[in-house]
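Notes follow the structure.
The values are calculated or read from the model by the stated rules, or taken from the named source; none is laboratory data. A quick note: this is a predicted structure, and the numbers were derived from the prediction, not measured. Here Cβ is always computed from backbone atoms with ideal geometry, including for glycine, and neighbour counts include all displayed protein chains.
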Amino acid sequence: MTLRAGGTVTKDAPTSPGPDTTETPELRFPPDPAFSAQANAHPEIYAWASADPERFWAEQARELITWQTPFTEVLDWSHAPVARWFADGSLNACYNAVDRHVEAGNGDRVAIYFEGEPGDTRAITYADLQEEVSRAANALGALGVTTGDRVAVYLPMIPEAVIALLACARIGALHSVVFGGFSAEALHSRIQDAEAKLVITADGGYRRGAAVALKPAVDDALAKGAPTIQHVLVVRRTGQETAWTPGRDVWWDEALAAASHQHTPVWVEAEHPLFILYTSGTTGKPKGILHTTGGYLTQAAFTHLNVFDLKPATDVYWCTADVGWVTGHTYVAYAPLVNGATQVIYEGTPDTPTRARWWEIVEKYKVSILYTAPTAIRTCMKWGEEHPAAHDLSSLRVLGSVGESINPAAWTWYRRVIGSDLTPIVDTWWQTETGAMMISPLPGITSLKPGSAQTPLPGIGADVVDDEAHPVPDGGSGYLVVSRPWPAMLRGIWGDPERFQDTYWSRFAGLYFAGDGAKKDDDGDIWLLGRVDDVMNVSGHRLSTAEIESALVSHPSVAEAAVVGAADETTGQVVVAFVILRGGIEEDDGTVEELRTHVAKEIGPIAKPKRILVVQELPKTRSGKIMRRLLRDVAEHRTVGDATTLADSSVMALIAKGLDKPP
Ligand code: ATP
Ligand code: MG
């Protein structure tokens, strides 16, 4: 089978998510030679990086980042597991993201195309951005915020979210972003943990066609007691009625108008903290992950440039992530701007006003690089191909995925329907803790395998090990670990060094334990199998959530699936599956049995779910990840645990009701 413009696939690659198998090791998408010829990265990069990883990273740091004081030290691992990278250098993250591009004559380049949900737009050039971040930095200073202080950011996805982060970085204050969708309670606990001095918020934001108030949640959070907070800086977004505490509350536009548009960045040491970000809480109590400046920016810029094959002057890049999670930090606020790219920021939901909104945006701005999450792709599959088909998506040349394993069926759909059967797809594995991408194919080099993140990036040492920390042979499975310090690695958990040690460094001596299960296929490529906590044990067989979910999603009727293990007296655990059917498909008497048989055929009888429940929605975090821990609570008839980071808390009640029905 030949693809439209060069690029052939071996074997019979299914072009629709039809009856392909879950794991299709024979399914390969070799790079298109035309793409390879123009790619930023060349195959030799792997050998070069592995010959001397520290030198490799030092060269990236010198090439991609502008230093105020050049560094002479590369890595100091003597205080392991807290690394110090480029420690005697100094720099400023905001200067790297903004000012240097203006100084280089690119002030007129658009940094941000903003698309508000109601349809309002803004085009912000690098010169505009420099003025805005300077005013904001001066305004922060006027409110008493200085280097080392913490600033909580609770904003919708508007340009001010990026400007607020950069303004903090400009003065060396740490930002701690809390998802705009989180409750007052979640905001309060994060403000308290970080002892923040200021909150930056907005009157509200637009979601699903309505102006949703944000400021009341801040007021509620502060009413619970937050003695460290001195001011609340409020962006006017919706213009809605907003309760006001005089003396404490300050309008953003007024504060910026009163501030000078000139500001000299505060030069900080490479190891100066840049931000705290609380992980999304898929697995339990959120941890304040601490990142610092020099190493973080280096790996962010390197991965963004090479994994997306970014051409800053011509590409239009769009990462759909909210600034409230790490992808919105590294691949919206920092990397694209540090690399001088033009990016799109969209405020709202993908189905407002229609289910074609994303594809309208791609067509309108001629987006060439799109980075999103498997959950979004599966949702689009569920909605049907007619929405993307109605738009010209031919500008797209690289597609990315992050957040969960992408089911092979979703991968092939993404490439065929969104990528014109042509674009490379980069499945990027990383975490809040890793700061930047760690495992991913490189477009133009890697022969792609749907469903696999494949290869540690150049300069990164990642492996799959067994219980005794021995690397598993090809074909084996075990735990994903990182074997060498990397520049963007977390420097700790805010205020809790012990938890840092226990969570990541105690399981295997000298190795970073990521908490994910993984396997190596016969070529040594890495496949993520789901969180170790979610791995099921059925009659002594270890089963992966990702594999069974992919088997379910490969069935033409299924749009999304979540699988958990529920305790069972005879088998240890039984597999319980929750599935969402594709648009237009109704559940009938045979559906559940057909899906059970399908899983048995794809993986084996042992993986056959004992129960399958057809549901309308799955419990997800705001970043779109399935919260299997809550489903496990339901499946085991327990009280549902901490659901404060759930996007829609009504989902759990509906599911619990469905499960009470007899099978
Ligand atoms: P918490 O740590 O609070 O439970 P979280 O792990 O969901 O939350 P993130 O740091 O945003 O918070 O997510 C990282 C995790 O997401 C990884 O450990 C992995 O389980 C999953 N993940 C991310 N990218 C991929 C990918 N490409 N393939 C498979 N899994 C992925
Ligand atoms: Mg995690």
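Tell me whether segment 389-399 contains one or more residues that are in a loop (DSSP other than H, G, I, E, B) and either on the phi > 0 side of the Ramachandran plot or within 16 Å of ligand 2 (Cβ to nearest atom) (or both).
Start the filter on segment 389-399 by keeping residues that are in a loop (DSSP other than H, G, I, E, B), which leaves 390-397.
Retained after the next criterion (residues that are either on the phi > 0 side of the Ramachandran plot or within 16 Å of ligand 2 (Cβ to nearest atom) (or both)): none.
No.
Of all residues in segment 100-117, those that are touching a residue at least 60 places away in the same chain (Cβ under 8 Å) have Cβ atoms under 6 Å from Cβ atoms of residues that are part of a loop (DSSP other than H, G, I, E, B) and surrounded by fewer than 18 Cβ atoms within 10 Å (Cβ to Cβ), 6 or more apart or on another chain, in Glu117/Thr352. Determine whether segment 288-295 contains at least one residue that is surrounded by fewer than 21 Cβ atoms within 10 Å (Cβ to Cβ) and either more than 16 Å from ligand 2 (Cβ to nearest atom) or farther than 29 Å from Glu73 by Cα (or both). No: zero hits. Of all the listed residues (Leu256, Leu222, Leu277), the sole one being among the hydrophobic types (A, V, I, L, M, F, W, C) and within 16 Å of ligand 2 (Cβ to nearest atom) is Leu277. Pairing each residue of segment 492-514 that is more than 21 Å from Asp463 (Cβ to Cβ) with any residue that is within 16 Å of ligand 1 (Cβ to nearest atom) and among the charged types (D, E, K, R), provided the two are 6+ apart or on different chains, yields C-beta distances under 6 Å for Ile493/Lys287; Ile493/Arg499. State which residue is surrounded by the most Cβ atoms within 10 Å (Cβ to Cβ) when the search covers only segment 402-429 and only residues that are touching a helix residue (DSSP H, G or I) at 6+ places or on another chain (Cβ under 9 Å) and on the phi > 0 side of the Ramachandran plot. Among them, the one singled out is Gly403. When segment 527-558 is limited to residues that are within 14 Å of Ile612 (Cβ to Cβ) and outside any loop (DSSP other than H, G, I, E, B), the one that is nearest to ligand 2 (Cβ to nearest atom) turns out to be Glu549. Using beta carbons and a limit of 6 Å, which pairs, at least six apart or on different chains, have the first residue in segment 178-204 and in contact (Cβ under 8 Å) with a residue 40 or more places away in the chain and the second one among the acidic types (Asp, Glu)? Close Cβ pairs (under 6 Å, with a partner that is among the acidic types (Asp, Glu)) amount to Ala184/Asp220; Lys197/Asp149.
Can you find a residue that is outside any loop (DSSP other than H, G, I, E, B), within 23 Å of the chain's Cα centre (by Cα) and under 30 Å from Phe179 (Cβ atoms) anywhere in segment 618-625? Reasoning before the result, please.
Of segment 618-625, the ones outside any loop (DSSP other than H, G, I, E, B) are 620-621.
Of the ones still in play, those that are also within 23 Å of the chain's Cα centre (by Cα) are 620-621.
Next, only the ones that are under 30 Å from Phe179 (Cβ atoms) stay: 620-621.
Within segment 618-625 (the criterion being outside any loop (DSSP other than H, G, I, E, B), within 23 Å of the chain's Cα centre (by Cα) and under 30 Å from Phe179 (Cβ atoms)), the answer is yes, since at least one residue qualifies.
Would you point out which residue out of Val218, Val266 is β-branched (Val, Ile, Thr), within 18 Å of Val145 (Cβ to Cβ) and not in a loop (DSSP other than H, G, I, E, B)?
Working: Val266 fails: not in a loop (DSSP other than H, G, I, E, B).
Selected residue: Val218, the only one of Val218, Val266 that is β-branched (Val, Ile, Thr), within 18 Å of Val145 (Cβ to Cβ) and not in a loop (DSSP other than H, G, I, E, B).
Here the condition is being in the same structural domain as Tyr95 (by the TED database) and buried (at least 24 other Cβ atoms within 10 Å of the Cβ); of Ala211, Ala184, Ala167, it holds for Ala167 alone.
Residues of segment 380-401 being crowded, with 20+ Cβ neighbours inside 10 Å and under 17 Å from Ala561 (Cα atoms), which ones? Listed by number, the residues that qualify are Cys380, Met381. Listed by first and then second residue, the pairs with beta-carbon distance under 6 Å, at least 6 apart or on different chains, first residue in segment 119-136 and under 12 Å from His263 (Cα atoms), second not in a helix (DSSP H, G or I), are Glu131/His261; Ser134/His261; Ser134/Gln262; Ser134/His263; Arg135/Ala259; Arg135/His261.
Take the residues in segment 516-554 that are over 30 Å from Arg582 (Cα atoms) and modelled with pLDDT under 95, then tell me which one is surrounded by the fewest Cβ atoms within 10 Å (Cβ to Cβ).
Taking segment 516-554 and keeping what is over 30 Å from Arg582 (Cα atoms), we get 520-525, 539-541.
Narrowing the set further to residues that are modelled with pLDDT under 95 leaves 539-541.
Working: Ser539: 12, Gly540: 8, His541: 13.
Ranking the candidates gives Gly540 first.
Residues of segment 276-329 that are within 11 Å of ligand 1 (Cβ to nearest atom) and of a type in the set (Lys, Arg): Lys285, Lys287.
Within segment 485-499, being more than 22 Å from Ala300 (Cα to Cα) and either touching a Lys or Arg at 6+ places or on another chain (Cβ under 9 Å) or within 15 Å of ligand 2 (Cβ to nearest atom) (or both) holds for Asp496, Arg499. Within segment 423-435, no residue that is over 21 Å from Ala41 (Cα atoms) sits with its Cβ atom under 8 Å from a residue that is basic (Lys, Arg) and more than 10 Å from ligand 1 (Cβ to nearest atom) at 6+ positions apart or across chains.
Being touching a residue at least 12 places away in the same chain (Cβ under 8 Å), more than 30 Å from Ala551 (Cβ to Cβ), assigned by the TED database to the domain that holds Ile200 and surrounded by fewer than 22 Cβ atoms within 10 Å (Cβ to Cβ) is a condition met by no residue of segment 323-339.
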